[in-house]
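Engineer: Provided herewith is a single structure, encoded as structure tokens, for subsequent inquiry.
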Amino acid sequence: MCRILGYLGEPVQLDQLLLEPDHSLMVQSYQPKEMTAGLLNADGFGVGWYHATKAAEPYTYRSIQPIWSDLNLANLSRYVESGCILANVRSATPGLAVDLSNCQPFQSGNLLFVHNGYIEQFRQTLYRPIRDRLSDRAYQSIHGLTDSEHIFALFLDAFSVSANLTDALTHTLKELVQLSQDHNTHFSANIIISDGQQMVASRYASRAIVPTLYWLQEKKATLIASEPCHAGDWQALDELSVLTINHDRSMATASLNLL
């Protein structure tokens, strides 16, 4: 299971999120506390961010190295500042390559996407059914082999119909529920998506064990993370729910009854 992180607020340097906290994403890569599968997140990492002062498509930096062994990250993360950041450390699903095209965040236009979870036996169950229902545009957006990127492709089609992050994510989860039932499989989908102005997250699984996801609202920012990064009043996002952080940083949660 991967570890994911989202930040929306006043601009900060990347290292303040990735490297400096006591239980930073760096630490979570080799010493996670709340993973439900796997021991390490050593199969690559990535970070995506939006320009701090001008409108532009997001930037990404991804690597197949473990985050702790990337010699460029410390210098890069001290230089880059952003008010909207998504990051991921990867624990690859067995059978899926450690390849740059499989590293998150995934990007399309102004959207960034990270996912912690899985589709059970993805290549044998939902790989073809998901592809069969995609538009040409969403199909062609897929460059790797992961279940995560295929979920993002489903989201892109939903977003093209309703340009609302919360509605599109909810619709995507409904599709996954229907597909998993039709093909007798299971999935979990802790997801964070942003367009640079707002951020939406889900904590969802089709069986009892739902991976952890927390949020923290501070004076200058709101954070979402698989595990708390530092001391603070972190709140566990309810199971089977979606969290919306609006452009003014007001928040709303909604329960999802999709089964």
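Engineer: Might you report the magnitude of the Cβ-based charge dipole of the range 51-153 about its Cα centre, with Lys and Arg at +1 and Asp and Glu at -1, to the nearest 20 debye? Display every interim value, and only then the final one.
Structural biologist: On the way: 9 positive and 9 negative charges, 14 e Å.
The dipole magnitude comes to about 60 debye.
Engineer: In whole Hz, what ³J(HN,Hα) sequence does the range 236-252 give by Karplus (6.51, -1.76, 1.60; θ = phi - 60°), x for Gly and Pro?
Structural biologist: The phi angles translate into 6, 5, 4, 4, 6, 8, 10, 10, 10, 10, 7, 4, 8, 6, 5, 10, 8 Hz.
Engineer: Next question. Sort Thr170, Thr253, Thr222 by heavy-atom solvent-accessible area, probe 1.4 angstrom, most to least.
Structural biologist: Of Thr170, Thr253, Thr222, the descending order of accessible area is Thr253, Thr170, Thr222.
Engineer: Of the heavy-atom accessible surface of the range 31-113 (probe 1.4 angstrom), what whole percent is carbon and sulfur?
Structural biologist: On the range 31-113, the fraction of accessible area on carbon and sulfur atoms equals 52 percent.
Engineer: Using only the alpha-carbon atoms, what does the range 70-150 span along each of its principal axes? Please give whole angstrom values in decreasing order.
Structural biologist: 43, 28, 17
Engineer: If I fit a long axis through the Cα atoms of helix 147-161 and take the longest principal axis of the Cα atoms of the chain, what angle between them do I get, 0 to 90°, rounded to 10?
Structural biologist: 80
Engineer: Just add up the charged neighbours of Ser162: K/R +1, D/E -1, any other residue whose Cβ is under 15 Å from the Cβ of Ser162.
Structural biologist: -3
Engineer: Next question, about the same structure. How big is the Cα convex hull of the chain in projection, averaged over all directions, in nm²?
Structural biologist: If I average the Cα hull's projected area over directions, I get 12.4 nm².
Engineer: If Glu57, Glu149 are ordered by their accessible area, calculated over protein heavy atoms with a 1.4 Å probe, which sequence runs from highest to lowest?
Structural biologist: From most exposed to least exposed: Glu57, Glu149.
Engineer: Separation between the Tyr79 and Gln235 pseudo-spin-labels, each 7 Å from Cα along Cα→Cβ, expressed in nm?
Structural biologist: 3.9
Engineer: Please report, in debye to the nearest 20, how large the charge dipole of the range 213-259 is about its Cα centre when each Lys and Arg carries +1 at its beta carbon and each Asp and Glu carries -1 there.
Structural biologist: 200
Engineer: Hey, another quick one. Assuming R0 = 30 Å, what is the FRET efficiency of Gln121 and Trp68, from their Cβ-Cβ distance, to the nearest 0.05? Working shown, then result.
Structural biologist: Working: r = 31 Å, r/R0 = 1.02.
Given R0 = 30 Å and the Cβ-Cβ separation, E is 0.45.
Engineer: Please report the accessible area of Ser101 (heavy atoms, 1.4 Å probe, ligands and nucleic acids excluded) in Å², nearest 10.
Structural biologist: Result for Ser101: roughly 30 Å² accessible.
Engineer: What are the ³J(HN,Hα) values, in whole Hz, obtained from phi via the Karplus relation 6.51 cos²θ - 1.76 cosθ + 1.60 with θ = phi - 60°, for each residue of the range 201-206 in sequence order, with x given for Gly and Pro?
Structural biologist: So the Karplus estimates, Gly and Pro as x, are 9, 10, 10, 8, 8, 8 Hz.
Engineer: Another one. Decide, for the range 187-256, between rounded, prolate and oblate: order the square roots of the alpha carbon gyration tensor eigenvalues as a ≥ b ≥ c, take rounded if a/c falls under 1.5, and otherwise choose prolate if a/b is larger than b/c, else oblate.
Structural biologist: Oblate is the answer for the range 187-256, as a/c is 1.5 or above yet b/c matches or exceeds a/b.
Engineer: Find the relative contact order for the chain and round it to a whole percent, using C-alpha pairs within less than 8 Å whose residues are 6+ positions apart. Could you put the intermediate results ahead of the total?
Structural biologist: Details: 574 pairs, mean separation 54.1, N = 259.
RCO, the chain: 21 percent.
Engineer: At 37 °C and a viscosity of 0.692 mPa s, what translational diffusion coefficient does Stokes-Einstein give for the range 146-210, taking Rh as the Kirkwood radius over Cα pairs? Give it in µm²/s as a whole number.
Structural biologist: Translational diffusion coefficient: 269 µm²/s.
Engineer: Report, to the nearest 10°, how far helix 165-182 tilts away from the longest principal axis of the Cα atoms in the chain, using its own Cα long axis and a range of 0 to 90°.
Structural biologist: Once rounded, the angle reads 40 degrees.
Engineer: Per DSSP H run of at least 4 residues, take -39500 (n - 2.57); add these up for the chain, divide by its residues and hand me the 222 nm value, nearest 500 deg cm²/dmol.
Structural biologist: -6500 deg cm²/dmol
Engineer: Ordering Tyr127, Tyr7, Tyr59 by accessible area with a probe of 1.4 Å, largest first, what comes out?
Structural biologist: Ranked list, largest accessible area first: Tyr59, Tyr127, Tyr7.
Engineer: Check the straight Cα-Cα distances from Lys54 and name the lysines below 27 Å, setting aside those fewer than 8 residues away within the same chain.
Structural biologist: Lys219, Lys220
Engineer: Tell me whether the range 1-147 comes out rounded, prolate or oblate; compute the Cα gyration tensor, take square roots of the eigenvalues as a ≥ b ≥ c, and use a/c under 1.5 as the rounded threshold.
Structural biologist: It comes out oblate by the Cα gyration axes.
Engineer: Send over the Kirkwood Rh of the range 32-94, from the inverse of the averaged 1/r over different Cα pairs, rounded to one decimal Å.
Structural biologist: Averaging 1/r across every pair of different Cα atoms and inverting gives 13.1 Å.
Engineer: Ok, one more. At a threshold of 8 angstrom on Cα-Cα distance, excluding pairs fewer than six apart, so keeping six or more, what relative contact order does the range 68-173 reach in percent?
Structural biologist: 20
The values are calculated or read from the model by the stated rules, or taken from the named source; none is laboratory data. The shown structure was predicted, so the numbers you read here are calculated from the model rather than taken from an experiment. FYI the Cβ positions are ideal-geometry reconstructions off the backbone, even for glycines, and counts take in every protein chain you see. Heavy atoms of the whole protein, side chains included, go into the accessibility calculation; ligands, DNA and RNA do not. Shrake-Rupley method; radii C 1.70, N 1.55, O 1.52, S 1.80 Å.
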